[in-house]
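See structure below.
The values are calculated or read from the model by the stated rules, or taken from the named source; none is laboratory data. Worth saying up front: this structure is predicted, and the values here are computed from it rather than measured. Positions of Cβ are backbone-derived with ideal geometry, glycine not excepted, and every protein chain shown enters the neighbour counts. Note: accessible area is taken over every heavy atom of the protein model, side chains too, but ligands, DNA and RNA are not part of it. Shrake-Rupley method; radii C 1.70, N 1.55, O 1.52, S 1.80 Å.
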Amino acid sequence: NEEVDEGEDVTLIDANTQTTTGFFKQYNHQVDQSFVTKWEPSKLTFKIQNPILGTIQSSNETVFKPYSLFPTIEPHLKTLPVEYLQETLVPNTKDTNGVPEITKSFLDILENYNDILLCNQTYETTNCLRKAAMIHSLSHALTRQSHLRSSKETNPDSPNMKLQGFSKPSVLILCPFRHNVVQYLNILMNLTKKTSHIRKFELEFAPEGDSMELKTKPIDHQYLFQGNVDDCFRLGISVQQNSIKLFEDFYNSDIIIASPLGLRLVVGSAISKKGQFDFLSSIEVVIIDQAHVLYMQNFDHVVNTLKMMNKIPKHPRNTDFSRLRPYFLENWSRFYRQTVILSEFINPEIQSLFNHYCY
């Protein structure tokens, strides 16, 4: 059963309120049986040449209809800390010059909740893209918590309040190296006031000394291999409106950041009976960062992770089935998942991943 920490106040969203935000459009629309039956891997994707982000692919043409997030702040983003809204996202609601254009443009697209393949990621744009991805991930997790709590408090006995998933984790970020997690966490810590277990994190994800040889390499090579380049890791993060807790058990986490290899050691494979993958049963947002690097590691681990995701759990943990969204019981939750792939280039394997696992 998904529980929201009672120790902190969370801005509530009226569960009955009709809104045009991407979050509510995504999870209130209905997928019918005919769509599921006829669905097959797409060979035709929508493409556009964005003046800021470059070539973008989507399985849905509505990705190119922005919600005009700036300067108007979407209601669910108001669940984030006031300081964050004022200083980080929109320094002045009438002037967004303080936010990089890449971050603004990418966040605007993410808020549509469509599947995305961005194939022009470079070392110069990666930090801006990660900032948008983390803003979107945190916004999603907090909105989800608020929606769950408001449904319990405003109309707890209503049979229509079926808002839960099988498990708590709703966001998964796949990235190649440990130093990528440090970059993501730095962004996340700037959006919250308190971080638990930071000392343990510093010990386990501490940067390694860069070799003299690395400094002779091209700048993009240096950026890719700086710091800790271990490729086996996983980190569960529980988030609240003003704090985050690191090293949470996966079943108590809202956001999971991991390498494909790190997850493979936990979930096993599709033919394995020993793996634990129930915590991936309710993932709603997947960010696959630097897919071109993951391809050069072992791309089979990425494919395996997506295969094991959004399945009906073998052993549900205190799941309140009376509160489950209907599509979870139908085993259709993958059709409500947003998958975002960031890559420097496209090859047949990355394109196939997008075609087969984006719905």
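Selection of the stretch 176-208 for residues being free of Cβ contacts under 8 Å to residues at least 12 places away in the same chain and of a type in the set (A, V, I, L, M) yields only Leu203. Filtering Lys78, Lys152 for residues that are among the basic types (Lys, Arg), in a helix (DSSP H, G or I), open to solvent by 50 Å² or more (accessible area, probe 1.4 Å) and modelled with pLDDT of 55 or more leaves a single hit, Lys152. Among all residues of the stretch 98-110, there is at least one that is at pLDDT below 65 and surrounded by fewer than 17 Cβ atoms within 10 Å (Cβ to Cβ).
Tell me the residue from Arg178, Arg199 that is surrounded by fewer than 18 Cβ atoms within 10 Å (Cβ to Cβ), of a type in the set (D, E, K, R), at pLDDT 90 or above and over 29 Å from Lys314 (Cα atoms), please.
Exactly one of Arg178, Arg199 is surrounded by fewer than 18 Cβ atoms within 10 Å (Cβ to Cβ), of a type in the set (D, E, K, R), at pLDDT 90 or above and over 29 Å from Lys314 (Cα atoms), namely Arg199.
For the stretch 227-235, the criterion of being among the basic types (Lys, Arg), in contact with a strand residue (DSSP E or B) (Cβ under 9 Å, 6 or more places away or on another chain), under 24 Å from Leu280 (Cβ atoms) and touching a residue at least 24 places away in the same chain (Cβ under 8 Å) is met by at least one residue. Here Gly262 meets the list (1) touching a residue at least 12 places away in the same chain (Cβ under 8 Å); (2) part of a loop (DSSP other than H, G, I, E, B); (3) farther than 26 Å from Gln33 by Cα almost entirely, failing just condition (2). Within the stretch 305-359, the set of residues being small (Gly, Ala, Ser), open to solvent by 60 Å² or more (accessible area, probe 1.4 Å) and in contact with a helix residue (DSSP H, G or I) (Cβ under 9 Å, 6 or more places away or on another chain) is empty.
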